[in-house]
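Here is the structure we will look at.
The values are calculated or read from the model by the stated rules, or taken from the named source; none is laboratory data. All of these numbers come straight from a predicted model, not from anything done at the bench. Note that we place each Cβ from the backbone using ideal geometry, even for glycine, and neighbour counts take in every protein chain shown. What goes into the accessible areas is simple: the full protein's heavy atoms, side chains included, and nothing from ligands, DNA or RNA. Shrake-Rupley method; radii C 1.70, N 1.55, O 1.52, S 1.80 Å.
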Amino acid sequence: MSSAFLGGVRLQRISQVFEAEQRRYVEAHPRSLQRTGHGIAGFYGGVPMHWMRDWSMPFPFVVAAARDATLRDIDGNVYADFCLGDTGAMFGHSPPAVAEAVTRQAGQGLTYMLPTEDAIAVGRLLAERFGLPHWQVATTATDANRFALRVARAVTDRPKILVFNGCYHGTVDETFVRLSDGRAANRPGLLGQAFDLTQLARVVEFNDLEALRAALGHGDVACVITEPVMTNSCMVLPAPGFHAGLRRLTREAGTLLLIDETHTISTGPGGYTRAHGLEPDLFVLGKPVAGGVPASVWGFTEEVARRLDAVRAQAPPGHSGMGTTLSANALSLAAMRATLEKVMTSEAYRHMERLGGVLAAGLQAVIEEHRLPWHVVRVGARVEFVCAPGPLRNGTEAEAAHVPALERAIHLALLNRGCLIAPFHNMMLVCPATTDRQVDDLRSAFAEAAGELGES
Ligand SMILES: Cc1ncc(COP(=O)(O)O)c(C=O)c1O
């Protein structure tokens, strides 16, 4: 009998549980099996977007409808949704104010490359909420990051950006670098990568101010781009003093600081930035900012705006390299206004913060009860269990803490018990409509999964 362990659980037991959960899933999804079991005709790989195949289930279920924090599939299964579109629906599915704004705008034209009354309101709302005076609207967080980095390079006249090892900021080419044996290297797995990304990027570990100081010392870094908490591998919190040091060192080096709040907007109405008094030069928020309608925003300081004006005054006429045709369309601005005015409220965040705390405490208690070498980490409404001891300090540790075979068995066990969590890591989001009952159901499902895995 195998005595190998993963994440403190016997390997053989993980396989047994996963196989049993797969059988249970197949039985509960006969209609979805018919529709997606052999791939959806017409789509390369059988799905409209390749990651729809990357969940723990043997084939994706087909969604019939979703509302608030609840999702229903075509077989009639009902799920408490803690994935929430991996943050795109962080404020719930079709919040009534957003649904109403989308319906209204749908009858008035969707895109015309000109501002609407909603755009006028959104400019004011963004400046008030996030404390930066200048904003632009794009369609994805990836785009917003790309455009903001272009501005950073333009105004500093420096070629490189700096990222923290293990980061993710969307499909922005030059952020696809990793530390490999202490040196920067292209991230493994990139397809069609025609040039060496390390020529444009430096990479150091999160929470390592000495390495950061050395990297900035070359004088060629236009911008540090970071999430305030690393959320895209296993979650890594900033060490005490890290953000103050980051800001001090970037200022000393003449390097701009871009804070990407796309995931950490789970912290509060003004993101982690406002909750912790950070002072970024550039700020990015995508995914849920328009309640699930594709949109993102990027903002910057008066100082960056002044420098950008000077650069633009000298630039020859031509394409700036920023912008996509449907960016800032009327539909996304209607949805964004509704989201900012009526959905991302302090009251909503109070609920999310409280229930996020309840969820984290509940999962931690299960881990302790089952004596598992795991931990729970949280940033506001974003909760994650990690199948390794914590806290984690950087991207290397976060990568090493992943246990894919164990995680997919847990994910599928939760799904079969009516709880959907994010597919690529163990992330759970609490939205304004999530109920105490749903959180308790997730805690129970997690306890059952831990019990199953612990059996010999
Ligand atoms: C921190 C962060 N920034 C940017 C992105 C990219 O968002 P999108 O895929 O909507 O472009 C992501 C996606 O997960 C993210 O986590």
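For segment 338-382, which positions are charged (D, E, K, R) and in contact with a helix residue (DSSP H, G or I) (Cβ under 6 Å, 6 or more places away or on another chain)?
K342, R378, R382
For the subset of segment 281-307 comprising residues that are assigned to a helix (DSSP H, G or I) and either within 20 Å of T171 (Cα to Cα) or touching a strand residue (DSSP E or B) at 6+ places or on another chain (Cβ under 9 Å) (or both), which member is nearest to the ligand (Cβ to nearest atom)?
K287
Here's the yes/no breakdown for (1) in contact (Cβ under 8 Å) with a residue 24 or more places away in the chain; (2) of a type outside the set (S, T, Y):
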site: Q22; (1), (2): yes, yes
site: V26; (1), (2): yes, yes
site: H38; (1), (2): no, yes
site: D54; (1), (2): yes, yes
site: P58; (1), (2): yes, yes
site: A64; (1), (2): no, yes
site: E100; (1), (2): yes, yes
site: T111; (1), (2): yes, no
site: I120; (1), (2): no, yes
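Quickly run through segment 53-65 and pick out the residues that are within 22 Å of A405 (Cα to Cα) and open to solvent by less than 70 Å² (accessible area, probe 1.4 Å).
Residues satisfying the conditions are W55, S56, M57, P58, F59, P60, F61.
Out of R312, R251, R247, which single residue is free of Cβ contacts under 8 Å to residues at least 40 places away in the same chain, in contact with a Ser or Thr (Cβ under 9 Å, 6 or more places away or on another chain) and not polar (S, T, N, Q)?
Going through R312, R251, R247 in turn, just one is free of Cβ contacts under 8 Å to residues at least 40 places away in the same chain, in contact with a Ser or Thr (Cβ under 9 Å, 6 or more places away or on another chain) and not polar (S, T, N, Q): R312.
One line per residue, one yes/no per condition, for (1) farther than 15 Å from W374 by Cβ; (2) free of Cβ contacts under 8 Å to residues at least 24 places away in the same chain; (3) open to solvent by less than 10 Å² (accessible area, probe 1.4 Å); (4) among the β-branched types (V, I, T):
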position: H411; (1), (2), (3), (4): no, no, no, no
position: N416; (1), (2), (3), (4): yes, no, no, no
position: A422; (1), (2), (3), (4): yes, no, yes, no
position: A433; (1), (2), (3), (4): yes, no, no, no
position: L442; (1), (2), (3), (4): yes, no, yes, no
position: A447; (1), (2), (3), (4): no, no, no, no
position: E455; (1), (2), (3), (4): yes, no, no, no
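Looking at this structure, is E128 open to solvent by 10 Å² or more (accessible area, probe 1.4 Å), assigned to a helix (DSSP H, G or I), without any contact (Cβ under 8 Å) to a residue 60 or more places away in the chain and among the acidic types (D, E)?
Spelling it out, E128 is indeed open to solvent by 10 Å² or more (accessible area, probe 1.4 Å), assigned to a helix (DSSP H, G or I), without any contact (Cβ under 8 Å) to a residue 60 or more places away in the chain and among the acidic types (D, E).
Condition test on A41, is it under 29 Å from D436 (Cβ atoms) and either assigned to a loop (DSSP other than H, G, I, E, B) or open to solvent by less than 60 Å² (accessible area, probe 1.4 Å) (or both)?
no
Taking interchain pairs and intrachain pairs at least six residues apart, which have beta carbon atoms under 7 angstrom, with the first residue in segment 152-167 and under 27 Å from S233 (Cα atoms) and the second open to solvent by 20 Å² or more (accessible area, probe 1.4 Å) and assigned to a strand (DSSP E or B)?
K160/R202; L162/R202; N165/R178; N165/L179
Spot the failing condition for V177; the list is (1) among the hydrophobic types (A, V, I, L, M, F, W, C); (2) more than 30 Å from V343 (Cα to Cα); (3) within 15 Å of the ligand (Cβ to nearest atom); (4) out of contact with any Gly (no Cβ under 7 Å at 6 or more places or on another chain), and only one is missed.
It is condition (3) that V177 fails.
Just to be sure I understand, how many residues within segment 219-259 are surrounded by fewer than 21 Cβ atoms within 10 Å (Cβ to Cβ), more than 16 Å from the ligand (Cβ to nearest atom) and not in a helix (DSSP H, G or I)?
6
Does segment 299-340 hold any residues that are of a type in the set (A, V, I, L, M, F, W, C), within 17 Å of V151 (Cα to Cα) and open to solvent by 70 Å² or more (accessible area, probe 1.4 Å), and which are they?
Scanning segment 299-340 gives a single hit, A313.
Since G271 meets every condition but one in (1) buried (at least 18 other Cβ atoms within 10 Å of the Cβ); (2) on the phi < 0 side of the Ramachandran plot, which condition does it not meet?
(2)
Hey, can you tell me all the residues within segment 83-106 that are closer than 23 Å to F446 by Cβ and within 16 Å of the ligand (Cβ to nearest atom)?
C83, L84, G85, D86, T87, A89, M90
Only residues that are more than 16 Å from the ligand (Cβ to nearest atom) and in contact (Cβ under 8 Å) with a residue 60 or more places away in the chain: list them for segment 182-218, please.
E205, N207, D208
Give me the residue from segment 135-174 that is open to solvent by 60 Å² or more (accessible area, probe 1.4 Å) and not β-branched (V, I, T) and, out of that set, farthest from the ligand (Cβ to nearest atom).
Taking the candidates together, the pick is D157.
Using the structure shown, decide if I265 is crowded, with 24+ Cβ neighbours inside 10 Å and part of a helix (DSSP H, G or I).
yes
Given the conditions (1) open to solvent by less than 70 Å² (accessible area, probe 1.4 Å); (2) within 15 Å of the ligand (Cβ to nearest atom), which single one is not true for V343?
It is condition (2) that V343 fails.
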